[in-house]
1. Jot down the radius of gyration and Dmax of the range 242-310, Cα atoms only, both in angstrom.
2. Relative contact order for the range 43-198 using alpha-carbon pairs under 8 Å, separation at least 6, rounded to a whole percent?
3. Express the relative contact order of the chain as a whole percentage, based on alpha carbon pairs under 8 Å and six or more residues apart in sequence.
4. In nanometres, what is the gap between the two model label sites at Ser404 and Arg376, each 7 Å from Cα along Cα-to-Cβ?
5. Looking at the chain, send over the antiparallel percent of its DSSP beta bridges, to the nearest 5.
6. When N counts the residues of the range 49-140, how does its alpha-carbon radius of gyration compare numerically with 2.2 N^0.38 Å, as a ratio?
7. Past 32 Å, Cα to Cα: identify those pairs from Lys62/Lys126; Lys151/Lys198; Lys53/Lys171; Lys62/Lys198, in the order given.
8. Would you kindly derive the ³J(HN,Hα) couplings of the range 205-219 from the backbone phi angles with the Karplus curve 6.51 cos²θ - 1.76 cosθ + 1.60 (θ = phi - 60°), listing them in order in whole Hz, with x for Gly and Pro?
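The values are calculated or read from the model by the stated rules, or taken from the named source; none is laboratory data. What you see is a predicted model, and the numbers here were worked out from it, not measured in a lab. A quick note on method: Cβ atoms are made from the backbone with ideal geometry, for glycine too, and the neighbour counts reach across all protein chains shown. For accessibility, only protein heavy atoms count, side chains too; no ligands or nucleic acids. Shrake-Rupley method; radii C 1.70, N 1.55, O 1.52, S 1.80 Å.
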Amino acid sequence: MRPTRSALIMVLASTLLASGLTGCHFGGDSTAGGEIVIAADLELSGAAAAVGKGYQRALELKVEQINESGLLDGRQIRLDVRDNRSDPSESLRNIGDFTNDSQVTAIIMGSCSDCAVGAARTINDKRVPTIALAPATAVATPIAERRHLFKLGPNAADSAAAVANELRRRKIQRASLLHTDDEYGQDGLRVITAELDKLNIDLVGSQQVRTTDTDVSQAVRALAEPEPENAFEIEEVNPGALLVWTSAEQAALAADSAAQVDYPGPIFFDAAAAGDLFLTGGSASGTEGVNMVFTQTMVIDDVIANTPAKAARKQWFRDYTARFGSYYGFSSFAADAVQLIADAVANSSSGGSVNREAVREVLETTQFDGLSGPIRMTPDNHSGLMPQALTLLVSRGGRWRLAS
């Protein structure tokens, strides 16, 4: 018996519905093939706008390069960038929108540690693979609550260890710390205290500033000119070294303030202080001779490209500076985040569709010599930058250079 017209219509409708469901996204599991959407929650205004705009430039350049490379077999990456205004509440709203969007394959978050920590539960519940460029340890731990959240950037403990070891090498026995009052600043106080204790170096003082402060002179003065322990103390109290655990803008202000009070000791910036390669205005003079822990990519033009990874870093440095006129330190982390997601999509796609959980699983076993340095992710470690990626830089002649 031949099927009736109405029966054929019913079969066709069922087939179309089934094929439509295959291409749809349910429970955060899959997205249709064709266009790969990477959402980005960045600090494009507010206190952290400089780093957010640096990230945006890097994301756009790297997406352009990957789309031209053909890595994704004709599929194109599209960025969906939103400003979180350096505000964790606004960031959480953005993340809510992104995780509810069936077209979003993965998310990249910016420098705001409080934002990433605050959004961790939503990211985990909605099962959307997310790479945060924020520095605090709590971004990627505890793992049980961060299955879908990864961190790409210098780790606080590694930065603290590098600074402490340099103090020991220079036989410096005392240090003081300026840090921000946010998640990352408290992280810095904890890890610096622990690393200095290991080496029997005294932390003789600490001061915190708000992330929005544009004047840190009072806090720096308190650290650079500590009060004697009692009125009869004759020997001058010298903190030995001033450690600065703040953003690039506040770190430059701190160095200027230290110079104004003729602070005689060495100054060390944490990795979060990496901003523009070239220092201008007061920053150029105030930071002269200051050391900073960061990756080689910041000064890759000082490095001989004797490996394919170093050659790739040199090329990225040239491409970024050619496009934007200068180099921004953290740009390599944003570029690496895009590359990690693109590679995960390429290695997990099946039949033209992208499964979010499959992307997460690939990210969790990543071994990659990135633009920032060696990156290794495991199920027990979602913060992938290896300690050996970090080195010591020095401000010399208005720009950052390798310290040795």
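1. So, for the range 242-310, Rg and Dmax equal 13.5, 46 Å respectively.
2. On the way: 199 pairs, mean separation 25.3, N = 156.
The value is 16 percent.
3. Here the relative contact order equals 17 percent.
4. 2.4 nm
5. Values: 19 of 55 bridges.
Beta bridges within the chain, antiparallel portion: roughly 35 percent.
6. Numbers: Rg = 13.6 Å, N = 92, 2.2 N^0.38 = 12.3 Å.
For the range 49-140, the normalised Cα radius of gyration is 1.11.
7. Values: Lys62/Lys126 27 Å; Lys151/Lys198 26 Å; Lys53/Lys171 39 Å; Lys62/Lys198 41 Å.
As for pairs spanning more than 32 Å Cα to Cα, those are Lys53/Lys171; Lys62/Lys198.
8. Result, ordered by residue: x, 8, 9, 10, 10, 6, 5, 8, 5, 10, 9, 10, 4, 5, 5 Hz.
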